[in-house]
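Participant: The following block contains the structure, expressed as structure tokens.
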Amino acid sequence: MPRKVNEQMPPSHPVGRQELTDSKIQKTLLRWWGFDTFRPLQAEAISAAIHGRDSVVVLPTGGGKSLCYQLPPLLSQTTDIVVSPLVSLMKDQVDSLESIGYPAAAIHSGLSHNERRRTYQKLRSGNLRLLFIAPERLFNSNLVETLSHLSIQRFAIDEAHCISQWGHDFRSDYLQLSLLAREFPGVPRIALTATADERTRREIAERLCLTEARHFISSFDRPNIQYRIAPKTNANRQLLDFIRSEHPSDSGIVYCLSRNKVEATARMLVEQGFQALPYHAGMSAQDRAHHQERFLRED
């Protein structure tokens, strides 16, 4: 937890720069998110970002890694760029941030021409604190040229394990992100992920030119998560028994191996009295967004 400035300190005693920074961080955390303490390693990662240091941050899902890049631009009052692999992730974060009045936006394929134009206007005017963008759109458009004329304070590379060719989430477009070190020399970069063993962390650092970066690695222990494996006999019956016996009033996600199976499973659940919706790449962007919003609202 950051130190607080002693309000009873005599005026003749100078307050150090770090103490002032910690106090402002604390006030910003409370003002925007309503928290008065940080989760493990959040304060250290945020401090590194504020002081312009490259870092690799590995925090478990639910460990608050997004705060590590959301808070710093509020302090510097500049625009930071977040590279994210999925439209759904970007939309979820932007919607959450906008709900608390945080100036954030995203550029992705689901935007209309007018929406994209308005986002560029906000970006150029300096009215955004965070801009989310997919890696392929960052380099396959004129966005890099636009950013080169702006005072970008830092880049955050979310889901950084996507750059590892050893993982199942490998995204070839992430390999292009090594160009950030060349195109924006001196602009610090933060690589964040919830999934990275030692070999993956080493690969992230090498491929993103972060070999001198500080590493903030949290424990992977998640006592609230459990895995169970059962022989498949009647998948629909097993799914229904699981929901009715253990999660009758909870929200959840059912992963399927094909689009057809997603559609069939959603229909089956609806027929059995559950509120269920499909979500897959074969749907229109409008339908996917609508279904995601209903899920996030816990409808």
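The values are calculated or read from the model by the stated rules, or taken from the named source; none is laboratory data. A quick note: this is a predicted structure, and the numbers were derived from the prediction, not measured. Every residue, glycine as well, gets a Cβ built from its backbone with ideal geometry; the counts of neighbours run over all protein chains shown. Just the protein is used for accessible areas: all its heavy atoms, side chains included, with ligands, DNA and RNA removed. Shrake-Rupley method; radii C 1.70, N 1.55, O 1.52, S 1.80 Å.
Participant: Scan the range 236-253 and tell me whether some residue there is touching a Lys or Arg at 6+ places or on another chain (Cβ under 8 Å) and within 29 Å of V58 (Cβ to Cβ). Outline the logic, then answer.
Facilitator: Kept after step one, since they are touching a Lys or Arg at 6+ places or on another chain (Cβ under 8 Å), are these residues of the range 236-253: 238.
If we keep only those that are within 29 Å of V58 (Cβ to Cβ) as well, we get none.
The answer is no, given that none of the residues of the range 236-253 is touching a Lys or Arg at 6+ places or on another chain (Cβ under 8 Å) and within 29 Å of V58 (Cβ to Cβ).
Participant: Among (1) touching a Ser or Thr at 6+ places or on another chain (Cβ under 7 Å); (2) over 30 Å from A266 (Cα atoms), there is one condition T193 misses while meeting the rest; what is its number?
Facilitator: T193 satisfies every listed condition except (1).
Participant: Does L41 count as open to solvent by 10 Å² or more (accessible area, probe 1.4 Å), in contact with a Phe, Trp or Tyr (Cβ under 9 Å, 6 or more places away or on another chain) and in contact (Cβ under 8 Å) with a residue 60 or more places away in the chain? Full working, then the answer.
Facilitator: Details: open to solvent by 10 Å² or more (accessible area, probe 1.4 Å): yes; in contact with a Phe, Trp or Tyr (Cβ under 9 Å, 6 or more places away or on another chain): yes; in contact (Cβ under 8 Å) with a residue 60 or more places away in the chain: yes.
Judged against the criteria, L41 is a match.
Participant: Take V87 and decide whether it is in contact (Cβ under 8 Å) with a residue 24 or more places away in the chain, in contact with a His (Cβ under 8 Å, 6 or more places away or on another chain) and more than 23 Å from E293 (Cβ to Cβ).
Facilitator: Considered against the rule, which asks whether it is in contact (Cβ under 8 Å) with a residue 24 or more places away in the chain, in contact with a His (Cβ under 8 Å, 6 or more places away or on another chain) and more than 23 Å from E293 (Cβ to Cβ), V87 comes out as no.
Participant: Something else about it: So which pairs qualify, if the first residue must be in the range 255-282 and more than 21 Å from D299 (Cα to Cα), the second must be open to solvent by 100 Å² or more (accessible area, probe 1.4 Å) and not in a loop (DSSP other than H, G, I, E, B), the Cβ gap must be under 7 Å, and the two must be at least 6 apart or on different chains?
Facilitator: G282/R259
Participant: For residues that are at pLDDT 90 or above and charged (D, E, K, R), scanning just the range 199-227, find the one that is nearest to D80 (Cα to Cα). Step through it out loud before you land on a result.
Facilitator: Residues of the range 199-227 at pLDDT 90 or above: 199-217.
This time we only want the ones that are charged (D, E, K, R), so: 199, 201-203, 206-207, 212, 214.
Working: R199: 28, R201: 23, R202: 25, E203: 24, E206: 22, R207: 21, E212: 21, R214: 19 Å.
Filtering the range 199-227 for residues that are at pLDDT 90 or above and charged (D, E, K, R), the one nearest to D80 (Cα to Cα) comes out as R214.
Per-residue answers, yes or no, for (1) open to solvent by 50 Å² or more (accessible area, probe 1.4 Å); (2) modelled with pLDDT of 95 or more; (3) part of a loop (DSSP other than H, G, I, E, B):
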| site | (1), (2), (3) |
| --- | --- |
| D22 | no, no, no |
| Q26 | no, no, no |
| L30 | yes, no, no |
| T37 | yes, no, yes |
| S47 | no, no, no |
| G52 | no, no, yes |
| V56 | no, yes, no |
| P60 | no, no, yes |
| K65 | no, no, yes |
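Participant: Output the qualifying pairs, or none if there are none: Cβ atoms under 6 angstrom, residues six or more apart or on different chains, first residue in the range 140-157 and among the basic types (K, R), second residue not in a helix (DSSP H, G or I).
Facilitator: R154/D80; R154/P188
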